[in-house]
């Protein structure tokens, strides 16, 4: 366990970023996003979480896959994927760090997605425990401990001291390279950190959504939940935009499209949303014609299908982004409460 | 399709001209038959009427490499479809103002009324427009980089 | 393993194939013969598996491989014209290069559940394409399987896919009975007239067969009902599903029926597995 | 705000009971006290979840496009700014007028939860409104702030408290102060910049866009059956932010397609998860229309010709833009 005073952070950042890219929550035009750190950028480590999740650094919103050049009947294939170079992402919250493990279950499963794997190997995740959770947070429901985030390196900010502890071997190796900036934390610091963690845990117990129960959602309940009449009423306000899926850190769906640049065809991959009508539209029809079915698919996937295929792990980390940002305030919490066997509904 | 551009040292502007079939296209024809010259890098696209030009066309032209877009139509009042150019006039005014609002150089887009008999006006307008675009330089703001630097 | 995919673990990057022959089967179905650039097949596959074909700039789609794995000279795809990519494919000439990647999906269990069984193939229209690869595979390993019945129907006589192969080869095979039907009466057609599901009920097959059904969704629904009436148990009936697929490797999240992905856990499903899943197709 | 809600609830209950309408579209209580969801109430009994307070900003007229096609009459609770959209949709024959019974409800301006959070108030559990004061109970203690400090942008530039379309009005009799503001102030500030500064401003703002289409799907006017961006032949994929140009193009075309029809209801900026001031694009077009073709407020009536579907022989030439001198 190392420590560094928070007013030396700029030094730490500049030494990290001289040989590799460093991303962290930075405010740009009034909006906090994960952006590349520069000397003059406005760092916002106090912001609870960004709207666009750090998933974008490993599974970018759009990336080139392959390009083709067509001459008459012949096609030549050009591999022009966006090369990924080593980078560090700092200030990731516990929920987002947990979302990386969920995405790993999808993309690193055979057959491995090499684009995602290259970025995952090149990236070092430095998480920052949160100290002031919002009322929309419910990561504890999914067994995520906000005070002990996962990731390669975990950090905590207590008063004006940043505590730095590497959790994985990759984190260990990286800490070695910048060891001289830190001092090692003594017993007193450990105590201060422990009491800080307890305070935050007390707050988490008091969060309004901490008692959300998931025991209605398991693979046996697939048919019962699928045919429930409540989907009609839950989805009547949904306007079918893609906000909940594009800001969700665990959404994995993507689309593959071709773009004719005039000199050749660029095949690229981009995020897709099951809420859009063309998600499953085929030449001879669409199995999900109305918004009710699409709405149902999203929450069935997160709460039943994904746990069925991944031995019980839910595809939600309780970050609360969809709770805060849905244009009509319909979200997974309301679905869990309406569909589950939660007693206070 | 992307529009090929001559990439020599002094910048050669590429201009897309939407010419309405009844007046300005005939005007361009007249300019040709009466041996009046206008820059070769003006690519004419024939449209039934100036109000057929959709804002998407203009933005597509810029995306694919055009540096200037000019819409030519009949003089207000003698449009073949009687009211086409009136609507086009309003639509283009609002579009140009919107592009200017977004910071695109104002000179890059223009509307000219050229009748079928004004071959001379057509060639002078095209020469003059090509000069202004030449001064403005290459279109960097409304450019789709994927179309430009596609590697071989 | 395969000689036109650049590297095996690049799942999304296709290899190149060239169309060496185009046979017009029906007014809207053509069968394309695809070879690797330097001859031979692009990759090995098992009957029932699919491949992603694409013409860059137009689109990419999943098609079932209709040639049998025992055919190592070329790979065949019977494609019906019903969308933008299929329309474009119907305009190409021989020699046109396309991109191809695969094989995707599970295959019919020809080496496990089907071994030694009497097989009943029921196909409707373009549904014959995936079954043809199994039928030819069974014909080339004839001794491993029992009696084979093929019930195949379509809208009209010239809508029967691979008609001459059925007449010349399948009908003259011993221990193989072929029953053809068309929906409506037509002159020059003396065979059976009627829908496939009714024809299956008419033929009253005994129930120790394994049935493989493929065709338009409406036909599958009625055929499954008919088979159940005849006493077929759900575990004896197999079908192959078709949904929109983009990645082919179970990651892009769009081809799911319940928790199963058609491109990875399917397209071949046994009917009792399908019943466990919510009826979303 | 409690008084007006009581009046509304009684009136809705009465109209449901006497059968003039068979269902109501309004807002339903959420988990917290600020995340209300538009909902349809079918019968008298489930009115218990009906709510109307400072967080019912969503514009319900878009739902009426589909709801008015169903049989039976629906009661719509419309705020003054929603009625402009209602009129515009009636003019465009999107709403079947006799299937809708409009109950005009009074509005004192809606609150913006993000502005409350921007004041540093975290963990909000309860928001109490007393006159101009907001008493906010949070996990980290109780906080207060002024109501008009945290109004939504569209309520700061409120177009007026009169409803332009209603079958019946519900007012509480309190006089609601008319908000005086110049809604084109930000537009003028932008126009005063040089073109490079403007380009940098808009690049900064539009680069935040994550292409979630919330602005398009929430806009009552931007409701084509099949949007040009969903058509697969339109080269731009409406979900891929592959390139700067696509972002510019999407927002220019989206603003342009509602030119002359946008009633400036501010929903697009309210729902943008990345906080992009999209209303500044639409307001610029409204400002131009007012300058070049005379004052026009879309949705004011249901029969006037929209500016882009009308013309006069003396319209100004487009060259007025291209020859405007100087950098402005």
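Only the coordinates and a few stated rules stand behind these numbers; no lab work does. Quick caveat: nothing in here was measured; it's all calculated off a predicted structure. Positions of Cβ are backbone-derived with ideal geometry, glycine not excepted, and every protein chain shown enters the neighbour counts.
Summary of values
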| read-out | value |
| --- | --- |
| Shielding by partners, peptide A:70-81 (average Cβ within 10 angstrom, other chains) | 5 |
| GNM result for chain C, Cα springs below 10 Å: residue of C:102, C:40, C:15 fluctuating most strongly | C:40 |
| The range D:1-105: relative contact order as a whole-number percent, Cα under 8 Å and 6+ apart | 26 |
| The range A:219-339 shape via C-alpha gyration tensor axes, a/c threshold 1.5 | prolate |
| Approximate spin-label separation residue A:132-residue C:88, in nm, with each point projected 7 Å along Cα-to-Cβ | 5.4 |
| Global form of chain B, assessed from the alpha-carbon gyration tensor, a/c cut-off 1.5 | oblate |
| Computed lengthening from residue A:232 to residue A:188, 0.36 nm per intervening residue step minus Cα-Cα distance | 10.2 nm |
| Relative exposure of A:315, A:99, B:50, judged by other C-beta atoms within 10 Å (fewest first) | A:315, A:99, B:50 |
| Helix axis angle, D:80-91 relative to chain D longest principal axis, alpha carbon, degrees | 70 |
| In range of the label at residue D:22: residues from the range D:65-81 whose backbone nitrogen is under 17 Å from the point 7 Å along Cα→Cβ | D:66-76 |
| Overall form of the range D:165-263 per C-alpha gyration tensor (a/c, 1.5; a/b vs b/c) | oblate |
| Residue D:146-residue D:228 FRET efficiency (beta carbon distance; Förster radius 60 Å; 0.05 resolution) | 0.90 |
| Nearest 10 degrees, 0 to 90: helix D:279-293 Cα axis against chain D principal axis | 70 |
| Mean Cα-pair separation over length for chain A, i.e. relative contact order, pairs under 8 Å, 6 or more apart, % | 20 |
| Within 10 Å of each Cβ in C:52-61, the average number of Cβ atoms from other chains | 5 |
| Förster-model FRET efficiency, 60 Å R0, residue A:112 and residue D:314, C-beta, rounded to 0.05 | 0.35 |
| Percent RCO, i.e. relative contact order, over the range C:15-103, from Cα pairs under 8 Å lying at least 6 residues apart | 38 |
| R0 of 30 Å, Cβ-Cβ distance residue C:279-residue C:155: FRET efficiency to nearest 0.05 | 0.70 |
| Residues A:273, C:54, sorted so that the one with the fewest Cβ neighbours within 10 Å comes first | C:54, A:273 |
| Helix D:195-206 axis, angle to chain D major axis (alpha carbon atoms, nearest 10°) | 40 |
| Footprinting exposure proxy for D:203, C:142 (fewest neighbouring C-beta atoms within 10 Å first) | C:142, D:203 |
| Shielding by partners, peptide D:264-275 (average Cβ within 10 angstrom, other chains) | 4 |
| Residue C:169 versus residue A:181: modelled label distance in nm, points set 7 Å from Cα along the beta carbon direction | 6.9 |
| Inter-label distance for residue D:66 and residue C:23, nm, one decimal - labels placed 7 Å from Cα along Cα-to-Cβ | 4.8 |
| Whole-Å distance, taken between Cα centres, linking the range A:284-324 and the range D:62-81 | 29 |
| Projected-area average for chain C over all orientations - Cα convex hull basis, square nanometres | 14.4 |
| Modelled label reach - residue D:295, point 7 Å along Cα→Cβ, the range D:254-280 residues with backbone N closer than 19 Å | D:260-265 |
